[in-house]
């Protein structure tokens, strides 16, 4: 399985992504996520001296905007991909685990052994297999690379993945 492409970099090394990629992600994930509201408090606006809008992503299926990036990554995969691997201590893990259920494929999630039990159980509840590791003596990146190769799976990182970033960019 080929590695996920990283974002293109500018000469200064900054990551970049264009609006067309985010718009494509929004169209791709729309059937699989909630359209969450933008909340506003006039009283808070007056106190701050500017208008503040709060996106209520806590109302998302998994309680986090991370579902957007995970869902875009999963639904960007080719039909030949039947398994994904991800690493996370919580929100990305649950996002990937939930996203694969909408696609009908499998996920193995690498989580630190000291992750709160509620996060591990929440990830398992979506049907993902969870593999734990010692964050102080092992590298999740190395485990993820080895496991994705062994399982012929796509590795969905919680960052540095154009699919994840584009999906998370749809929050607006």
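Taken together, the values in this text are just the output of simple stated rules run on the coordinates, not laboratory data. All values derive from a computational prediction rather than experimental measurement. Here Cβ is always computed from backbone atoms with ideal geometry, including for glycine, and neighbour counts include all displayed protein chains.
Decide, for the range 58-162, between rounded, prolate and oblate: order the square roots of the alpha carbon gyration tensor eigenvalues as a ≥ b ≥ c, take rounded if a/c falls under 1.5, and otherwise choose prolate if a/b is larger than b/c, else oblate. Each step should come with its number before you reach the end.
Values: a/c = 1.59, a/b = 1.08, b/c = 1.47.
Judged from the Cα gyration tensor, the range 58-162 comes out oblate (a/c at least 1.5, b/c at or above a/b).
Most exposed first by the Cβ proxy, i.e. fewest other Cβ within 10 Å, how do 136, 126, 159 rank? Intermediate values should be presented prior to the final figure.
Values: 136 8, 126 19, 159 11.
Sorted ascending by nearby Cβ count, the order is 136, 159, 126.
With runs of 4+ DSSP H residues as the only contributors, calculate the mean residue ellipticity of the chain at 222 nm using -39,500 (n - 2.57) per run, divided by the residue total and rounded to the nearest 500.
After summing the helix terms and dividing by the residues of the chain, the value is -11500 deg cm²/dmol.
To the nearest 10 degrees, how steep is helix 140-150 against the longest Cα principal axis of the chain, on a 0 to 90 scale?
Approximately 50 degrees, to the nearest ten.
Assign one of three labels to the range 132-172, namely rounded, prolate or oblate, based on the Cα gyration tensor with a ≥ b ≥ c the square roots of its eigenvalues; rounded applies when a/c is under 1.5, prolate when it is not and a/b is larger than b/c, and oblate otherwise.
Numbers: a/c = 3.71, a/b = 1.72, b/c = 2.15.
Since a/c reaches 1.5 but b/c is at least a/b, the shape of the range 132-172 is classed as oblate.
Order these by the 10 Å Cβ neighbour count, fewest first: 135, 98.
On the way: 135 14, 98 26.
The most exposed by this proxy come first: 135, 98.
Of all DSSP beta bridges located in the range 19-171, what percent are antiparallel, nearest 5? Provide the component values of the computation, followed by the final result.
Numbers: 3 of 16 bridges.
The antiparallel proportion sits near 20 percent.
Tell me the angle of helix 91-103 to the major Cα principal axis of the chain, expressed in degrees between 0 and 90 and rounded to the nearest ten.
Once rounded, one gets 80 degrees.
Hey, what did the chain get for relative contact order, percent, Cα under 8 Å, at least 6 apart? Mind showing how you got there, number by number?
Numbers: 298 pairs, mean separation 49.4, N = 172.
Taking the mean separation of contacting Cα pairs over the length of the chain, I get 29 percent.
Just 161, 46, 18 to compare: in a GNM of the chain, with alpha carbon springs under 10 Å, which one fluctuates most?
Looking only at 161, 46, 18, the biggest GNM fluctuation is shown by 46.
Could you work out the pair-distance distribution P(r) of the range 30-77 from its alpha-carbon pairs, with 10 angstrom bin width and percents rounded to whole numbers?
Spelled out bin by bin, the range 30-77 gives 25, 37, 24, 12, 2 percent.
I'd like the orientation of helix 66-75 relative to the chain: the angle between its Cα long axis and the longest Cα principal axis, in ° from 0 to 90, rounded to 10.
50
I need 150, 55 ordered by Cβ neighbour count within 10 Å, fewest first. Mind showing how you got there, number by number?
Values: 150 10, 55 14.
By the 10 Å Cβ count, ascending: 150, 55.
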